[in-house]
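Presented below is the structure to which this report refers.
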Amino acid sequence: MLTIDKHSFKKAYEKKYLEINGEELSTGSNYKKYEALGNLVRDYVAESWMNTNKKYNSTGEKQVYYFSMEFLLGRLLGDALLNLGIRDICNEALKELNIDLKDLEDLEQDQGLGNGGLGRLAACFLDSMASLNIAGHGCGIRYKYGFFEQKIVNGSQVEVPDNWLREGNVWEKRKNDKREIVKFGGEVITQNINGKIKFLHINYEPILAVPYDTPIVGYENETVNTLRLWSAETVSNEFDFSSFSRGEFLKALEYKNSVEAISQVLYPDDTQYEGKMLRLKQQYFFVSAGVQSVIRHFKRHGGDILELDEKMAIHINDTHPTLAIPELMRILLDEEGLPWEVAWRITTNTISYTNHTILSEALEKWPVDMFKKLLPRIYMIVQEINERYCTELWNSYIGQWDKIAHMAILADGQVRMANLAVVGSHSVNGVAKLHTEILKKQEMSDLYYFYPNKFNNKTNGITHRRWLIKSNKELTYLLKETIGDSFIKHPTDLEKFEIFAKNKDVQEKLASVKRLNKEKLAKTIYEMKGIKVNPDSIFDVQIKRIHAYKRQILNCLRIMHLYNELLKDPNKDIVPRTFIFGGKAAPSYYLAKKTIELINSIADTINNDPRVSEKIKVVFLDNYRVSLAEQIIRATDVSEQISTTTKEASGTSNMKFMMNGAITIATLDGANIEIRDEVSDDNIVIFGLTSKEVLDYYKNGGYLSYDIYRSDIRIKNVIDDLMNGKYHYDNNRFKAIYENLITYNDEFFVLKDFDDYIRAQEKIDYLYRDKYKWQEMCGINIAHSGIFSSDRTILEYATGIWGTELVYKNLK
Ligand SMILES: *Cc1c(COP(=O)(O)O)cnc(C)c1O
């Protein structure tokens, strides 16, 4: 922990400001003040960063490399201050300089290099690894443009490029001496050297991979790990000059652009597979650079390649980095000269894989032609992996051709990444109990029965440092006041709060913390949207990617229904509610964009209807991202987790809400089940089809949405309202939603779950009226949220998958 007092902090800050701006502090803009603070904090981190690396090199402890196409970090300043243990000192020192720390924190651009849950999980994991003294590092892509910025114009989503590096990035350090070459295209020839066959990759196009390192600061433990993000550049500038002299400047520029395109943009879709060549290039680019660099590092510090799997673990976050398997094989075979069997043992022992989805449209499958052309040597290796694996299958499943074809890595002219990931790793984990069961028994059952020992569950988690301590200071203060601060290092100690949840005095305090956070959010809503919301109303929140399976449409239909009820009976006795939405739609996802339009039309209609203005309001907050999530979640009363059962592998916002004392209304999907198991049915509101019922409908049919439309007048009315001009003068604006629900038979059982959902919402209304009881429920949720800290998840990965448990114990 950094020891520094307020006075010396103030001095150091003034000095840093002068140094980088060449002017006095009092005259500068807030942005300059933010920059100076960021630079100062980075200086504080630098020494621990160096010492951590030194320690890792000298002890030779096992290193974990977490490979992920996405890292959704959000802002870093607040967390760095918290983890360094100097947040309060900094706050007070700045106050004396008439600077509000919060104003500076708000100027930091979110680092938004991810779509949603998967990328945020990677960020939470980095925080937990560093805070638990685990030598775990991230490896990914330094996208020049992060996830697009969303603007709502006339009720529709408009995408604006996220030029997050425009003002620079104080956290990253470019490492020119750690560059790697990644090879695309060309041919492979074989040479016979002293009776040994050698594979030579020739005529390839070399791409330069340049790493940018970001420090990941552990919580008050002096551990600073590294997130290494790779940027694509042309190998030499001479190329440009020689072309220029031949008058081919534009061609050279074009080439430069085509190379840099590899790390230009994040694909903005989290659930749809796109067979685009650029995406495959991105995947091989960062995986090849990453694997080469960790092996180079390992060998430079005297590592024996035969012990690689004892000294490092490579974890692949979903199938996106699966090429780490053939890439590691390539290095072990072609560069280290190891025999196949030895290389294969090392590779499979090194690599582990997390599956994130059972949505079949998200399964990555590359056309063989494209794959082979772009990665000729890697393709040969995948072919051999497949051949050896299929031989094993033939021996086990004699004559069962369908089964073997289904399990193969190469089939139907495609490379199936999920099968390759399972075959080439020693561990395959799902992200919540139900999801892992569905993987084992349904989606990957053939692979599971062939490799039963590889499959395991690791229920997701969230870092309580960002999602509670940093983002909800008032609640953290109340918790410290009641149960002490042991929960900071041991989040399951939050259980101590359970007895206080029954205490009226504490309930009052809990209510006023929530009330304060709601007032702040109400202010933000007014600033962003010009809508006045009542902080005494129930804040009912659904924030997440917009997707049919997450069922924002179900939420819409019940708001439309409630509106109908209120119009029928203006005196209907309900607790006032504010419905808050946020989330981005993939730019090519038509139905999701229509859903945003529907929410905004409902908001326009209801918010401008004086008959209901005391009772309900609807708000869509633009540009949902990590920093906005932090503001919304601490102010939420009701957390909407209403996905079609079986479809949401885990969910993580459900955990964030619970930890901040919201009551969850949920289907029995993903980690909602485990939340229910923690808090019991008395402290969560469950509704909807069970996974068994859903799987049965998918298998045997028997669901007709039209029958429900015809037989339930409430449903008929709201569905008709989609098309009768009630919410928009253009009657056809929501036709796609209507057709999805009626014409195409409602794939996600929105109408089927409607009735139960309405009843569950009425129960929420009823529960909220008993103020003390409600706060008791909130307190119980907080008390049982500790198990959903990503510290617990990471300890399970460390002991159950990576084999780094001894190191952790030694350091504890
Ligand atoms: C936590 C988080 C998510 C994941 O939300 P789910 O509701 O679990 O899908 C997505 N985006 C952001 C910005 C988050 O913080």
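In straight-distance terms, cross-link reach from residue 281 covers every one of the lysines whose alpha-carbon lies under 19 Å from its own, apart from those fewer than eight places away in the same chain; here that gives 144, 183, 256, 365, 372, 373. First measure r as the distance between the Cβ atoms of residue 569 and residue 103, then evaluate 1/(1 + (r/R0)^6) with R0 = 41 Å and state the FRET efficiency to the nearest 0.05. Computed FRET efficiency for residue 569 and residue 103: 0.30. Proximity of backbone amide H atoms, modeled 1.01 Å from N, is registered between residue 427 and 353 at under 5 Å, excluding neighbours fewer than 5 places apart on the same chain.
Between residue 310 and residue 235, the distance separating the two model label sites (each 7 Å from Cα on the Cα→Cβ line) works out to 3.7 nm. Under 25 Å of direct C-alpha separation, and excluding same-chain neighbours fewer than eight residues apart, residue 504 reaches these lysines: 473, 480, 496, 514, 518, 520, 656, 763, 771, 773.
Summarising the amide proton neighbourhood of residue 75: residues at separation of 5 or more, or on other chains, whose placed amide H is nearer than 5 Å comprise 111, 627.
When 596, 20, 141 are arranged by Cβ crowding within 10 Å, least crowded first, meaning fewest neighbours, the order is 20, 596, 141. Between residue 373 and residue 614, how high is the FRET efficiency from 1/(1 + (r/R0)^6) when r is the Cβ-Cβ distance and R₀ = 41 Å? Nearest 0.05. Here the calculated transfer efficiency is 0.05.
Rounded to the nearest 500, the 222 nm mean residue ellipticity of the chain from helices alone is -14500 deg cm²/dmol, with -39,500 (n - 2.57) taken per DSSP H run of at least 4 residues.
When DSSP beta bridges are restricted to pairs lying wholly in the chain, around 45% turn out antiparallel. Using C-alpha pairs under 8 Å with a sequence gap of at least 6, the mean separation divided by the residue count of the chain gives a relative contact order of 13 percent. Dividing the Cα radius of gyration of region 526-617 by its Kirkwood radius returns 0.98 for Rg/Rh. The ranking of 19, 776, 14 from fewest to most other beta carbons within 10 Å of each one's beta carbon is 19, 14, 776. On a per residue basis, the convex hull of the C-alpha atoms belonging to the chain measures out at 181 Å³.
Placing R0 at 22 angstrom, the Cβ-Cβ distance between residue 412 and residue 272 gives a FRET efficiency of 0.65 after rounding to 0.05. Ranked by how many other Cβ atoms sit within 10 Å of their own Cβ, fewest first, the residues 541, 575, 612, 431 fall in the order 575, 612, 541, 431. In straight-distance terms, cross-link reach from residue 33 covers every one of the lysines whose alpha-carbon lies under 22 Å from its own, apart from those fewer than eight places away in the same chain; here that gives 6, 10, 11, 15, 16, 95, 102, 173, 470. Take every Cα pair under 8 Å whose residues are at least 6 apart in sequence, average their separation, divide by the length of region 147-215, and the relative contact order is 31 percent. For a modelled paramagnetic label at residue 755, 7 Å from Cα along Cα-to-Cβ, the residues of region 645-675 in reach, with backbone nitrogen under 20 Å, are 645, 666-668. Taking each residue as 0.36 nm, the span from residue 198 to residue 151 lengthens on full extension beyond its C-alpha to C-alpha distance by 11.4 nm.
Residue by residue, region 619-624 carries 3J(HN,Hα) couplings of 9, 10, 8, 5, 6, 4 Hz when phi is fed to the Karplus relation 6.51 cos²θ - 1.76 cosθ + 1.60 (θ = phi - 60°); x denotes Gly or Pro. Taking amide hydrogens as placed 1.01 Å from N in the peptide plane, the amide H of residue 136 sits under 5 Å from those of 64, each at least 5 positions away in sequence or on another chain.
Normalised by residue number, the volume inside the convex hull of the Cα atoms of region 22-99 is 137 Å³ per residue.
Here, each number is a calculation from the coordinates, and none is a lab measurement. Keep in mind it's a predicted model, so treat the numbers as computed, not measured. Every residue, glycine among them, receives a Cβ derived from its backbone with ideal geometry; neighbour counts consider all protein chains shown.
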